[in-house]
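Undergrad: I have a structure I would like to understand better, so I am pasting it below and will then ask my questions one at a time.
The values are calculated or read from the model by the stated rules, or taken from the named source; none is laboratory data. Source: prediction; values computed, not measured. Positions of Cβ are backbone-derived with ideal geometry, glycine not excepted, and every protein chain shown enters the neighbour counts. For the accessible areas, the whole protein counts, side chains as well, though only heavy atoms, and no ligand, DNA or RNA atoms are used. Shrake-Rupley method; radii C 1.70, N 1.55, O 1.52, S 1.80 Å.
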Amino acid sequence: MPFVQTNGIRTNYVQIDCESGNDCEDLVMVHGLATNLAFWYIHYASAFSKRYRVTLYDLRGHGRSSITDSGYTPKNMAVDLQQLLDHLSIERAHFVAHSFGGVVALNLACLNPDHFASLVLADTHISIVRRVQKTKNWEFGKRIQPILEQHSLDVDVREPYFGYRLLSAVAHLQIQNVEISQELEDLVSPLMGNNSKRTANQWLKLMGTTQAEKELMGDDGLSLDRLRKLNFPILAMYGEYSQAMSTGEQLLEVWPHADFRQIRGAGHFFPITRSSELMENCRQFWNGL
Amino acid sequence: MVVFTKEAIEKTLVEIVEDLIQDWGIDPDDGITGTTLLVNDLDFASVDIIQLCVAIEQHYDRKIGFQDLLMKDGSYVSDLSIAQMVDFLVDRI
């Protein structure tokens, strides 16, 4: 896979040519934290390349892209993406983004909305909603907390960035070869994937030796006023049991033109666990553009 | 028509894997053989497996449909041996 220098880092990316010829539109897919472009490659890249030229890349500090000491603010990671698009001469594209990848995509959209032919947002949680969420009850979190306690993990599901802390806790278990229950594995395996200690080590290095933790858990720059100005077609999908659902409810008020879907019975990782549903929803959305 | 023997495919695959891991400081005792496991023995992460698949497709200049090898019952397989990959490639190339 090729590398490109963008915004002072080496960015790893892959492009899958469109099967329908050279006049296809572009589709850019942005993964979330603690994973890499493989998150999209197997389930989606081949299927979506029947219609689009598909571009996947590794976020800064992830996969085979550079780990830097700083530069992990969503705004700066949107510049990483902007420069990748410039390098690839992609002026306008459809975007699909999961979780934190959606925060990056939305920052790029606020910076340059003309890049966006459309956006599919999958379970993206924004900081302005995270901060007020603590006062609310996250029902599914109550079911997760006992699982964490069984493993003596000091992680509170009521924390705004609970998911990031869970990833670090499980990564520690993984590199210590501690056997974890299926229930716990189900909560994180779509991210860590393939039992790889290198992925776990990479996440711990990122969170422990760089400014990433501080920058990722800070203000993501996405005010509701900024988001309200985005008027390109948007499909926002949220898992019924996900902590991010409260962001979905907020965005529902912000974007009256957008299409909202709830994935019933699903958690945060439905792009992996319920890939056929996400795929079908994307197709319906794109067909209606 | 070019014919790819099993031996030739294995030799190519091992060369691609060796190239991929050259900077990782990993040196398997018996070298890379059919029984070598990508994750357990070579510490492959998911992105490295994708990197390997892309490199193989580029080498043979064709789509190989690796999703059929990497997915089982809707989930990623936990590991793959060199021999499993060779058998799959023999079938697909």
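Undergrad: Under 6 Å between Cβ atoms, at least 6 apart or on separate chains: pull out the pairs that start in the stretch A:5-19 with a residue that is within 13 Å of chain B (Cβ to nearest Cβ) and crowded, with 21+ Cβ neighbours inside 10 Å and end on any residue that is in a loop (DSSP other than H, G, I, E, B) and not hydroxyl-bearing (Ser, Thr, Tyr).
TA: So the pair list comes out as A:Asn12/A:Met1; A:Asn12/A:Asp58; A:Asn12/A:Gly63; A:Asn12/A:Arg64; A:Val14/A:Met1.
Undergrad: Pick from the stretch A:196-219 the residues that are free of Cβ contacts under 8 Å to residues at least 24 places away in the same chain and within 11 Å of another protein chain (Cβ to nearest Cβ): which of them is least open to solvent (accessible area, probe 1.4 Å)?
TA: If we take residues in the stretch A:196-219 being free of Cβ contacts under 8 Å to residues at least 24 places away in the same chain and within 11 Å of another protein chain (Cβ to nearest Cβ), then A:Ser196 is least open to solvent (accessible area, probe 1.4 Å).
Undergrad: For A:Ser246, all conditions in the list (1) of a type in the set (S, T, N, Q); (2) within 25 Å of A:Lys142 (Cα to Cα); (3) over 17 Å from the mean Cα position of the chain (by Cα) hold save one; what is the number of the exception?
TA: (3)
Undergrad: What single numbered condition from (1) out of contact with any Lys or Arg (no Cβ under 8 Å at 6 or more places or on another chain); (2) more than 7 Å from chain A (Cβ to nearest Cβ); (3) crowded, with 16+ Cβ neighbours inside 10 Å; (4) under 22 Å from A:Tyr57 (Cα atoms) fails to hold for B:Leu42?
TA: Condition not satisfied by B:Leu42: (4).
Undergrad: Need the failing condition index for B:Ile64 against (1) of a type in the set (Val, Ile, Thr); (2) farther than 22 Å from A:His43 by Cα; (3) within 12 Å of chain A (Cβ to nearest Cβ), just the number.
TA: (2)
Undergrad: A further question follows. When residues of the stretch A:20-53 are filtered for being more than 11 Å from chain B (Cβ to nearest Cβ) and either surrounded by fewer than 19 Cβ atoms within 10 Å (Cβ to Cβ) or touching a Cys at 6+ places or on another chain (Cβ under 8 Å) (or both), how many remain?
TA: 11
Undergrad: Across the stretch B:1-37, what is the number of residues that are within 15 Å of B:Gln84 (Cα to Cα) and either touching a residue at least 40 places away in the same chain (Cβ under 8 Å) or aromatic (Phe, Trp, Tyr) (or both)?
TA: Looking only at that region, the number is 13.
Undergrad: Could I ask something else about it? Name the residues in the stretch A:95-125 that are more than 17 Å from A:Met77 (Cα to Cα) and open to solvent by 10 Å² or more (accessible area, probe 1.4 Å), would you?
TA: A:Asp114, A:Ala117
Undergrad: Return the residues of the stretch B:2-32 that are in a helix (DSSP H, G or I), more than 17 Å from B:Val90 (Cβ to Cβ) and acidic (Asp, Glu); say none if nothing qualifies. Before the answer, list the steps.
TA: At the first step, the residues of the stretch B:2-32 found to be in a helix (DSSP H, G or I) are B:6-20.
Checking the rest, the ones that are also more than 17 Å from B:Val90 (Cβ to Cβ) come to B:18-20.
Scanning the stretch B:2-32 gives B:Glu18, B:Asp19.
Undergrad: As an exercise: evaluate A:Gly141 against (1) closer than 28 Å to A:Tyr41 by Cα; (2) not assigned by TED's automatic domain parsing to the domain that holds A:Cys282 and give the number of the one condition it does not meet.
TA: The single condition A:Gly141 does not satisfy is (1).
Undergrad: Looking only at the stretch B:45-61, count how many residues are more than 10 Å from chain A (Cβ to nearest Cβ), surrounded by fewer than 20 Cβ atoms within 10 Å (Cβ to Cβ) and closer than 17 Å to A:Ser46 by Cβ.
TA: 2
Undergrad: Right, another one. Considering only residues that are in contact with a helix residue (DSSP H, G or I) (Cβ under 8 Å, 6 or more places away or on another chain), in contact (Cβ under 8 Å) with a residue 12 or more places away in the chain and within 14 Å of chain A (Cβ to nearest Cβ), which ones fall in the stretch B:69-83?
TA: B:Leu69, B:Leu70, B:Tyr76, B:Leu80
Undergrad: What is the residue count in the stretch B:46-87 for residues that are part of a helix (DSSP H, G or I), more than 16 Å from B:Lys11 (Cβ to Cβ) and not acidic (Asp, Glu)?
TA: Within the stretch B:46-87, residues that are part of a helix (DSSP H, G or I), more than 16 Å from B:Lys11 (Cβ to Cβ) and not acidic (Asp, Glu) number 12.
Undergrad: Still on this model: Output the residues belonging to the stretch B:33-45 that are assigned to a loop (DSSP other than H, G, I, E, B) and either at positive phi or not hydroxyl-bearing (Ser, Thr, Tyr) (or both). I'd like the intermediate steps shown before the answer.
TA: The first filter runs over the stretch B:33-45 and keeps only residues assigned to a loop (DSSP other than H, G, I, E, B), leaving B:33-36, B:38-45.
Passing the criteria: B:Gly34, B:Leu38, B:Val39, B:Asn40, B:Asp41, B:Leu42, B:Asp43, B:Phe44, B:Ala45.
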